[in-house]
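The values are calculated or read from the model by the stated rules, or taken from the named source; none is laboratory data. Keep in mind that what you see is a predicted model, and the values were worked out from it rather than measured. Cβ atoms come from the backbone with ideal geometry, glycine included; neighbour counts cover every protein chain shown.
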Amino acid sequence: MMIIVISGTPGTGKTSVSNMIAELYNGKVLSLNEPEVFEEFNIHFDIKRDTYVVDTDKLLTHIITLIEEYKNDEPEYLIIEGHFSDIIPENYIDYAIILRCDPYMLRSRLENRGYKNDKILENVQAEILGNCANYFIQKNLKIPIYELNTSILTIESVVDIIITNIIKDENAENYLIGKIDWLEKLFQDNSLNDFFDDKIKP
Ligand SMILES: Nc1ncnc2c1ncn2[C@@H]1O[C@H](COP(=O)(O)OP(=O)(O)OP(=O)(O)O)[C@@H](O)[C@H]1O
Ligand SMILES: [Mg+2]
């Protein structure tokens, strides 16, 4: 069983992509954002930030137990997905992949979900700054970390790139982390104010 860890800002497509890999390639998905997981492991709901704060130590022990259980089913892949999946220890990761999304597209995906303006802005800013990618970089893993710009791809083609290019290593180096920089792009386009201006704060 190969373990693929997928991270990324909310709305970048982690669940959609993970479920499709599982469906097409004999995989199992372990979602860290499942309501049951949240129910069991949240310490409190932060009203100001409109989000859960998770006890990562407890959650990690739980996840490791689950990984061991999944091994018994002998799936080809176990996909662990969630925007805090950087908590998974390196010895449980075969592939670490961060899904990225253009800030404008991410904003519209989160609007479609009916998220409140401040939550949309917080998430899109996190994507622009590359927070999920940075959390992985800070872990100094020995394995390579990959990132994928999903903005111009269908869910099917994201899955195909993960399996064919990254895992089967057809030009996997094209997807090594560090090539996607929304901050620089917005700066070059003189568009940073669309996301970092005081006036747009609710
Ligand atoms: N590559 C893509 N092309 C077009 N739409 C996409 C793509 N990836 C995801 N979407 C759409 O974006 C929305 C968010 O996707 P999804 O729920 O998989 O994101 P997520 O990363 O799992 O978010 P969360 O962290 O909140 O669980 C869905 O409506 C999905 O259909
Ligand atoms: Mg999801």
(request) Pull up region 146-172, narrow it to residues that are touching a residue at least 60 places away in the same chain (Cβ under 8 Å) and within 8 Å of ligand 1 (Cβ to nearest atom), then point me to the one that is nearest to Lys185 (Cα to Cα). (result) Thr150
(request) Among the numbered conditions (1) modelled with pLDDT of 95 or more; (2) within 14 Å of ligand 2 (Cβ to nearest atom), tell me where Asn33 comes up short. (result) (1)
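At pLDDT 85 or above, among the β-branched types (Val, Ile, Thr) and more than 11 Å from ligand 1 (Cβ to nearest atom) - does that describe any residue in region 7-30?
Residues of region 7-30 that are at pLDDT 85 or above, as a first pass: 7-30.
Remaining after also requiring among the β-branched types (Val, Ile, Thr): 9, 12, 15, 17, 21, 29.
From what is left, the residues that are more than 11 Å from ligand 1 (Cβ to nearest atom) are 21.
Yes: one or more hits.
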(request) Examine region 71-84 for a residue that is away from ligand 1 (no atom under 14 Å from the Cβ), among the β-branched types (Val, Ile, Thr) and in contact with a helix residue (DSSP H, G or I) (Cβ under 7 Å, 6 or more places away or on another chain), and state whether such a residue exists. (result) no
(request) Please determine, by comparing only the residues of region 85-138 that are over 16 Å from Ile63 (Cα atoms) and aromatic (Phe, Trp, Tyr), which one is farthest from ligand 1 (Cβ to nearest atom). (result) Tyr95
